[in-house]
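> Here it is, the structure, as structure tokens.
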Ligand code: NIG
Ligand code: FE
């Protein structure tokens, strides 16, 4: 019982955070976009956030709480939301990295039958069990690096059987692994070699989308030279929208085909990559509320000098998110911490922009802002404890994993 006779119950407390980043600013200070509580604590009940406050307040209010996790004067923040990954695939493409070091570029390798096509072959040849096992291992590595929610795309099947296999493996991962999974159908990743362009377009826009709608929440497409054109993207997004999918698109990675504005005007939840985008398309994004997902690990790994420029979006009021784009060709990294470093060093983000981009804005990019991305009462108790004291140390100590503990739904995993 408390002094006023009320019985507050929490089943777990996380206490002694040097700084608690709630991502829920409460005051009027615009300098506190991360909602920082010094010497903070979190009360958790049945896997959900009950309340945040100072350690003194929370300890006093929930003095009979059975489980205490002591953060030991380290930084505590929401778990990372990795809102763009190609987590499920067979094989790897380490040999392509060597080809690129010898001067070949990513799109040339794709055009000559390698790249995505090589992963399509390996994924078609992998059993569901093999893909499941790889998926479990990869998710655990992500969890170790502080990620608590992951979007997973299909796109290495390019036929009914293997696309379904990938999405069904993703569903099993969601059931069996503690991390939360969001599924995206990316049949429009590129054109398969065993059908003509017209045949594949016809197949994609036929009744098969209804089948995939049962397996995935989002529809995604790669609009790029060597993949889908502006007009093909327009038609497929329209069909997907009419089938009931939420929309995403890979746009402007190497060339600006104008699809950022197109997808945004059609109500896309996010458009992703965005190294190349016109001012006109920025305005269309600003009007639509579409999230800009930046993937700075890609230009880093492909040794491109051209990074997406966050300030262009932020100045227009467009929410900017960060993701790994974890995939075997353009970014085999599990680390959202590394993306924060690259966001700050190469995309013109402030530390606050990057932390917001890896948490709350990333949750928006997969329609999970009601459940994840900040420490708001009622949201999932997804938290990480880092071996540092303040947020600017996340990008500073780059290339090492600073996560001491990952707490998913109130439990240390
Ligand atoms: O987001 N750009 C297209 N798709 C992925 C890469 C896929 C691959 O290379 O296997 C991306 O970068
Ligand atoms: Fe991608």
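No value in this document is a laboratory result; all are computed from the given coordinates. What you see is a predicted model, and the numbers here were worked out from it, not measured in a lab. Ideal geometry is used to build each Cβ from the backbone, glycine not excepted, and the neighbour counts take in all protein chains shown.
> Would you mind computing, in nm to one decimal, how far apart the modelled labels at residue 11 and residue 241 are, each placed 7 Å from Cα along Cα→Cβ?
Once both label points are built, they end up 4.3 nm from each other.
> Please give, to one decimal in nm, the separation of the simple spin-label points placed at residue 279 and residue 122, each 7 Å out from Cα toward the Cβ.
In this crude label model, residue 279 to residue 122 measures out at 4.3 nm.
> Rounded, prolate or oblate: which one fits segment 180-320, using the alpha carbon gyration tensor with axes a ≥ b ≥ c (rounded when a/c is under 1.5, else prolate when a/b beats b/c, else oblate)?
Since a/c reaches 1.5 and a/b is larger than b/c, the shape of segment 180-320 is classed as prolate.
> Once you keep just the Cα pairs under 8 angstrom separated by 6 or more residues, what percentage relative contact order results for the chain?
Reported relative contact order: 19 percent.
> If the chain between residue 199 and residue 130 were fully stretched, how many nm would it gain, using 0.36 nm times the residue separation less the Cα-Cα distance?
Gain on stretching residue 199 to residue 130: 21.8 nm.
> What does a probe at residue 231 reach in segment 185-212, counting residues whose amide N is under 13 Å from the point 7 Å along Cα→Cβ?
Within reach of a label on residue 231, which here means backbone N under 13 Å from a point 7 Å along Cα→Cβ, segment 185-212 contributes 198.
> If we count other beta carbons within 10 Å of each Cβ, what is the order of 301, 219, 398, fewest first?
398, 301, 219
> So, one more: Give me the distance in nm between label points sitting 7 Å out from Cα along the Cα-to-Cβ direction at residue 303 and residue 140, one decimal.
Simple spin-label model gives 3.5 nm for this pair.
> Assign one of three labels to segment 270-413, namely rounded, prolate or oblate, based on the Cα gyration tensor with a ≥ b ≥ c the square roots of its eigenvalues; rounded applies when a/c is under 1.5, prolate when it is not and a/b is larger than b/c, and oblate otherwise.
It comes out oblate by the Cα gyration axes.
> Hey, another quick one. Give, in nm to one decimal, the length gained when the segment between residue 54 and residue 161 is fully stretched (0.36 nm per residue of separation minus the Cα-Cα distance).
Stretched out fully, the residue 54 to residue 161 stretch lengthens by 33.3 nm.
> Quick one: order 334, 200 by neighbouring beta-carbon count within 10 Å, fewest to most.
With the sparsest Cβ surroundings first, the list reads 200, 334.
> How long are the three semi-axes of the equivalent ellipsoid for the chain, computed from the Cα gyration tensor as the root of 5 times each eigenvalue, in whole Å, largest first?
Semi-axis lengths for the chain are 38, 22, 20 Å.
> To test your reading of the geometry: what angle, between 0 and 90 degrees and rounded to tens, separates the Cα axis of helix 128-144 from the longest principal axis of the chain?
40 degrees
> If you rank 239, 119 by fewest surrounding Cβ atoms within 10 Å, what's the result?
239, 119
> For the chain, what is the percent of antiparallel DSSP beta bridges, rounded to the nearest 5?
Among the beta bridges of the chain, antiparallel pairing accounts for roughly 45 percent.
> How far is helix 336-346 tilted, in degrees, relative to the longest principal axis of the Cα atoms in the chain, given as a value from 0 to 90 rounded to the nearest 10?
For helix 336-346, the angle is close to 70 degrees.
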